[in-house]
Amino acid sequence: MGLSPVAGHPAVAVFREPRGGRPVPVLGPRVGAEAKRTARVLAGLATHARPVERAVALRQAAVASGELVAALSALAPAVVGEGLPADSTSQSFFRVREGELSDQQAALHGVLVVHRGLEDLCEAPLSGADLALEVEGMRQSVLDLTGTAPGADPDSVPSVAAPEPAAEASLESVWSARWLIGHQVHVLFNVCAAVAVADATRHLREGDGDAALLRLSDATVYVRGFPAAMTHASTVPAEYYMAAIRHTMAPPSVDAPLSGRQHRGYKLFRAAMKELLSVLPDSYEHLSAGAPELAEARAALLEADIVDGERHVTLAYSMVHLRRSLAQKSEGPDNAVAELRLMRHRRAAQYASLVRFGDHYIADAVAGLRHS
């Protein structure tokens, strides 16, 4: 279920174009029941338990998501992604494709990404805080992709018999696969967040404030999961990343150096955020005076977006230290960390008046640079 015919690599994950306004999926009672059970298991997962107990809980979650995969597969087998063309070097490397998918296929491929992620998390040394954020994003994606309403209290979940771990692969092969698996989870969150933001924008245009609040909350769950998924992918030794992974993302291993700018799912999320702010451009103070819940919901999403940028800076530093990114020219003035820090500052400056605790110091500095 987890690996493709390409040895040691996760299967190609296929996503459909993130677009708001689609009807809620209707996938039948078996899928609905398994989706609710999976969501309840994820909601009750002991993210901060001792290592053995945490691993058991994650295996139970992986089993539950596997049952959901089986229920979806009973409707139709997954489209084989290996045969679909990649739209970019990034898609090819991270084993991601985009295509026209039915609700059932979109749900199946998304849940397969969740399932592979959970299987890897059984051993990945991710912090409890990041595990909680990633699992919350996985739970929300299960609900959204299957059109399932949240179930009952997690305490009502029956125990799931978790199988013993499979025969151990080499650590090096686990690390290489993890780099791809974590990135596929990140793409899943990007796509789901783009849909949630687009839905919220549509609801605002239609005057349905309550529905907009719900989708803004859902989007925030995904955006908070962005850095957690990236950290999951990066739970490999920096020395191994530099020696065995990084060079495979640049010529001659690939046609062009990989760059975050190639990630279509993330670009569509950024476009959705731009559209949201065109509909909801008021300052935090002005918006909170008339619609305080909406002001808080928007601020929560924007703060999560800023923190994602901040954590990208620190993650890049931990992996490549002061080196340039693969896409930067060797004679350029910046390195990877400096470029990411600048992106964070621009984002914080843009959002300064839109959140309660805006970074006005950076906003003033950026404004001064623009007028100098």
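Please treat every number below as a calculation from the coordinates, not as lab data. Just so you know, these numbers come straight off a predicted model, no measurement behind them. Here the Cβ is made from the backbone with ideal geometry for all residues, glycine too, and neighbour counts use every protein chain on show.
Structure summary
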item: Global geometry of the chain, whether rounded, prolate or oblate, following the gyration tensor of its Cα atoms and the 1.5 cut on a/c; result: oblate
item: Taking the chain and dividing mean pair separation by its residue count, relative contact order in percent (alpha carbons under 8 Å, at least six apart); result: 18 percent
item: Peptides ranked, highest mean first, by Cβ atoms within 10 Å: ranges 283-296, 26-39; result: 26-39, 283-296
item: Highest-fluctuation residue, Pro125, Pro23, Pro281 considered, GNM on the chain with Cα pairs under 10 Å; result: Pro23
item: Spacing of the two label points (7 Å from each Cα toward its C-beta) at Ala76 and Ser170, in nm; result: 4.0 nm
item: Anchor Lys267: aspartates and glutamates whose Cα lies under 15 Å away (excluding residues fewer than 8 positions away in-chain); result: Glu17, Asp87, Glu98, Glu275, Asp305, Asp308
item: Spatial separation of Cα centroids for the range 70-89 and the range 198-254, in angstrom; result: 21 Å
item: Spacing of the two label points (7 Å from each Cα toward its C-beta) at Glu293 and Arg356, in nm; result: 1.6 nm
item: Candidate aspartates and glutamates for bridging to Lys329, where Cα separation is under 13 Å - those fewer than 8 sequence places away on the same chain excluded; result: Glu339
item: Helix-only mean residue ellipticity at 222 nm for the chain, each DSSP H run of n ≥ 4 adding -39500 (n - 2.57), per residue, nearest 500; result: -20500 deg cm²/dmol
item: Extension gain from Ala244 to His286, taking 0.36 nm per residue of separation minus the Cα-Cα distance; result: 10.0 nm
item: Square roots of 5 times each gyration tensor eigenvalue, C-alpha, the range 240-371, largest first, Å; result: 33, 16, 13
item: Ordering of 173-184, 350-361 by packing [mean C-beta count within 10 Å, highest first]; result: 173-184, 350-361
item: Peptide ranges 113-119, 204-210 listed from the most packed, as the mean C-beta count within 10 angstrom indicates; result: 113-119, 204-210
item: Mean Kyte hydropathy of -0.5 or more with a Cα span along the axis of at least 24 Å, helices from DSSP in the chain; result: 51-73, 103-121, 128-146, 171-205, 209-233, 292-320
item: Three-way shape label, the range 11-131, alpha-carbon gyration tensor, a/c 1.5; result: oblate
